[in-house]
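I have placed the structure first, in the form of structure tokens, so that the comments after it can refer back to it.
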Amino acid sequence: MNTRARVLEALSEVHDPELDEPITSLGFVTSCEVSPSGDVEILLRLPTPQCAPNFAYLMAADARNVVRRLPDVGRIEVRLEDHYTGKEINAAIARGEGFAAAFPGETDDDQLDALRELFQRKALVARQARLCEALLADGATPVQVTALRVADLPDDGDARRCLELRGQLGIGCDPNAPAFVAPNGEPLAADELTLWLRKARLVRTSLEVNGSICRSLLQIRSRRGAELEEVGT
Amino acid sequence: MYSHNGDTFFVVDGHLHFWDASPANWVSGQEQYAKGWIECFHAYMGLGPEETHWPLEKFQKYSEDDFVKDVFEDGYVDVGIFQSTYLKEWYRDGFNTLEKNSQLVEKYPDRLIANGRWDPREGEAGLKQLEEDAKRYNLQGVKLYTAEWYQGSRGWSLKEPESQRFLEKCQALGIKNIHVHKGPTIWPLDKDAFDVSDVDYVATNFPELNFIVEHVGLPRIEDFCFMATQEPNVYAGLAVVIGGLMHARPRFFAKVMGELLFWVGEDKMLWASDYAIWEPRWQVEGFVDWTSPEDVEFSDYPRLTTDGKKKILGLNAAKLYGIDVPDEFQIPDEAGEPAAREDAQLVDSA
């Protein structure tokens, strides 16, 4: 695998914190160039120039961090394209600084961490909902579902992402830990499952709807960008 | 008024604008924000059917004739409610102010209602202005923008003590409909502007006021639903839900409607076009035609009947605003309770 392929693979680990989808599958990575000496240049374009700066910062910073861990990589430049706070965010990322440094006096990094954690918990609920719905559709009972352990989870994307999120949230995920947990890490009881799932499905729908709106807006943006180029303005 | 297959619908559009976002109205030095704001709105228009898209220039500033044709003549709207949005930090004369909207109300007094606004950061002067506006324009409602910039401040919360004074003033002045924007926004940088917990707080403290959450808290619809389930005086403003999803993402639209019908209920949902982001016509026609998909994924959502559509398209809003609806549009009264009310106490454990 060449360096560029490894960089792209690493970028697929970066998730939009609000949508819990990889920035690569969302189409946010518009360019990824690696020079012969290993310098990396990554361009990110979000669905609108007004996407929330906090989430925009997190994605750009995460992109830089995952690439920095790769061997044989030289200088790394991650830039947000056509974003109304792109200049500030790009400069902070280039200096290796936090969100607060991009906007002095306007925010602090603690709030950003809290926001990220809030969305990690939402993402965990939504992913578990998908796994749970599939198990119930296959005929499992609530008692069987809530008795499952981490080791019993299927080897698929949702389950892997659940465990990753649990790890980030400090929720135990050894093979014997419960497979399904409330956002605070407590195991789910069988008699709570139906109502929990009703709520979890709404969280899941919310995340998926947001993802779909973002995809639509990004399509509109690309289409309009192409039209402008065609008419040469 | 819209008639379809023998059914007649009284149409109240709960969220309309008559804005001026043309470059002549941009505040010097703030052009990038004024431009960014309207271009972002314009992108949202792209989520509607292609034949309803406008060029950016028209979208920045449309005429009174456009408004009358799109809303009243082609759009079936019997009564429209303006939600005034100032944004004077970026737009010299404001984006669409109460004064400007009221000029149209004067011309069409039976067809339009203009809501005012307030901002707790304006203190005593703001309270005085609210009182003057209420008397001058006979206000029944206000639109609040908790994420608006004001002299270096990046937003505010309904929980703040100063906000309580303004809500008390509303109550005293007979302003009973409090529309709160909780939806896609640009600023502030450092707050989760979609956080609906402040609405939860004031809805409990002011049970006589109605709180209409515009854009149902999208993209945090779950927080809104869990909150609305517990607060009888909280309503779902459907601007963006129908315009943004029904055409572009019909399956997601069906899911969001199913969830809202389950958690909030058809008696507390209010349609709004969000004109000029989207024209009303295709939304009214499409919504009346709409049925939820038959697959198992949608099987346990409540079904929306023609009567339910009549409520959402106009009768619910007519009740909140005391609009006279001719008998032929009415449906027999029945006590509607959101399906999930009994689950409310369990929501906190989500």
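The values are calculated or read from the model by the stated rules, or taken from the named source; none is laboratory data. As the structure is a computational prediction, the values presented were derived from the model and not from experiment. When we count neighbours, we look across all protein chains shown, and the Cβ atoms used for this are built from the backbone with ideal geometry, even at glycine.
Of the residues B:GLY237, B:GLY155, B:GLY243, which is crowded, with 18+ Cβ neighbours inside 10 Å, closer than 27 Å to B:ALA134 by Cβ and touching an Asp or Glu at 6+ places or on another chain (Cβ under 6 Å)?
B:GLY237
Count, please, the residues in the stretch A:154-180 that happen to be closer than 14 Å to A:GLN128 by Cα and either part of a helix (DSSP H, G or I) or modelled with pLDDT under 95 (or both).
So the count comes out to 14.
Mind checking whether some residue in the stretch A:150-163 is closer than 24 Å to B:GLU297 by Cβ, more than 14 Å from chain B (Cβ to nearest Cβ) and in contact (Cβ under 8 Å) with a residue 60 or more places away in the chain?
yes
Under the condition of being more than 14 Å from chain A (Cβ to nearest Cβ) and of a type in the set (Ser, Thr, Tyr), which residue from the stretch B:249-299 is farthest from B:GLU222 (Cα to Cα)?
Ranking the candidates gives B:TYR275 first.
List, please: which pairs have Cβ atoms under 6 Å, are six or more places apart or on different chains, and start with a residue in the stretch B:298-316 that is touching a residue at least 12 places away in the same chain (Cβ under 8 Å) and end with one that is part of a loop (DSSP other than H, G, I, E, B) and among the β-branched types (Val, Ile, Thr)?
So the pair list comes out as B:ASP307/B:ILE331; B:LYS310/B:ILE331; B:LEU313/B:VAL11; B:GLY314/B:VAL11.
Kindly check whether there is at least one residue in the stretch A:27-41 that is buried (at least 22 other Cβ atoms within 10 Å of the Cβ), within 14 Å of another protein chain (Cβ to nearest Cβ) and of a type outside the set (A, V, I, L, M).
no
Based on this model, can you work out whether A:ARG223 counts as buried (at least 16 other Cβ atoms within 10 Å of the Cβ), within 30 Å of B:HIS247 (Cα to Cα), among the basic types (Lys, Arg) and within 14 Å of chain B (Cβ to nearest Cβ)?
In short, no.
Name the single residue that is nearest to the other protein chains (Cβ to nearest Cβ) among those in the stretch B:20-58 being in contact (Cβ under 8 Å) with a residue 40 or more places away in the chain and β-branched (Val, Ile, Thr).
B:THR52
Tell me which residues, restricted to the stretch B:200-217, are in contact with a Gly (Cβ under 9 Å, 6 or more places away or on another chain) and surrounded by 23 or more Cβ atoms within 10 Å (Cβ to Cβ). Walk me through how you get there before you give the answer.
The initial filter retains those residues of the stretch B:200-217 that are in contact with a Gly (Cβ under 9 Å, 6 or more places away or on another chain), namely B:210, B:212-217.
Once the filter is applied, which keeps residues that are in contact with a Gly (Cβ under 9 Å, 6 or more places away or on another chain) and surrounded by 23 or more Cβ atoms within 10 Å (Cβ to Cβ), the stretch B:200-217 yields B:ILE212, B:VAL213, B:GLU214, B:HIS215, B:VAL216, B:GLY217.
For a quick check of your reading of the model, give me the residue pairs whose first member lies in the stretch B:159-182 and is more than 24 Å from B:ALA317 (Cβ to Cβ), whose second is hydroxyl-bearing (Ser, Thr, Tyr) and surrounded by 14 or more Cβ atoms within 10 Å (Cβ to Cβ), with beta-carbon atoms closer than 8 Å and at least 6 apart or on different chains.
Filtered contacts from the stretch B:159-182: B:LYS159/B:TYR201; B:SER163/B:SER157.
I need the full set of residues from the stretch B:55-86 which are surrounded by fewer than 16 Cβ atoms within 10 Å (Cβ to Cβ) and over 30 Å from B:ASP119 (Cβ atoms), in order please.
B:PRO55, B:GLU57, B:LYS58, B:ASP65, B:LYS69, B:GLU73, B:ASP74
Please work out which residue is farthest from the chain's Cα centre (by Cα), limiting yourself to the stretch B:9-52 and to residues that are part of a strand (DSSP E or B) and over 27 Å from B:MET269 (Cα atoms).
Top of the filtered list is B:TRP26.
Just need a number here: residues in the stretch A:120-153 that are outside any helix (DSSP H, G or I) and either polar (S, T, N, Q) or under 14 Å from A:PRO175 (Cβ atoms) (or both).
Start the filter on the stretch A:120-153 by keeping residues that are outside any helix (DSSP H, G or I), which leaves A:138-141, A:148-149, A:153.
So of that shortlist, the ones also either polar (S, T, N, Q) or under 14 Å from A:PRO175 (Cβ atoms) (or both) come out as A:141, A:148-149, A:153.
Number satisfying all stated conditions: 4.
Go through (1) more than 30 Å from A:MET1 (Cβ to Cβ); (2) within 20 Å of the chain's Cα centre (by Cα) one by one and return the number of the condition A:PRO104 breaks.
(2)
Among the numbered conditions (1) surrounded by 16 or more Cβ atoms within 10 Å (Cβ to Cβ); (2) in contact with a helix residue (DSSP H, G or I) (Cβ under 6 Å, 6 or more places away or on another chain), tell me where A:GLY86 comes up short.
(2)
Tell me yes or no: at least one residue of the stretch A:45-61 is closer than 30 Å to A:LEU195 by Cα, of a type in the set (A, V, I, L, M) and in contact (Cβ under 8 Å) with a residue 60 or more places away in the chain.
Looking for residues that are closer than 30 Å to A:LEU195 by Cα, of a type in the set (A, V, I, L, M) and in contact (Cβ under 8 Å) with a residue 60 or more places away in the chain, one finds none in the stretch A:45-61, hence no.
Can you tell me how many residues in the stretch A:66-92 are acidic (Asp, Glu) and not in a loop (DSSP other than H, G, I, E, B)?
The qualifying residues number 2.
Out of the residues in the stretch B:95-106 that are in contact (Cβ under 8 Å) with a residue 40 or more places away in the chain and not hydrophobic (A, V, I, L, M, F, W, C), which is surrounded by the most Cβ atoms within 10 Å (Cβ to Cβ)?
B:ASN101
For the stretch A:206-220: of the residues being crowded, with 22+ Cβ neighbours inside 10 Å and facing another protein chain (nearest Cβ under 8 Å), which is farthest from B:ILE221 (Cα to Cα)?
A:LEU217
Restricting attention to the stretch B:16-54, and to residues there that are polar (S, T, N, Q) and at pLDDT 95 or above, which single residue is nearest to A:PRO47 (Cα to Cα)?
Applying the filter and picking the extreme gives B:THR52.
This table checks each residue for (1) among the hydrophobic types (A, V, I, L, M, F, W, C); (2) buried (at least 20 other Cβ atoms within 10 Å of the Cβ).
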| position | (1), (2) |
| --- | --- |
| A:ALA151 | yes, no |
| A:GLY157 | no, no |
| A:ARG160 | no, no |
| A:LEU169 | yes, no |
| A:ASP174 | no, no |
| A:PHE180 | yes, yes |
| A:ALA200 | yes, yes |
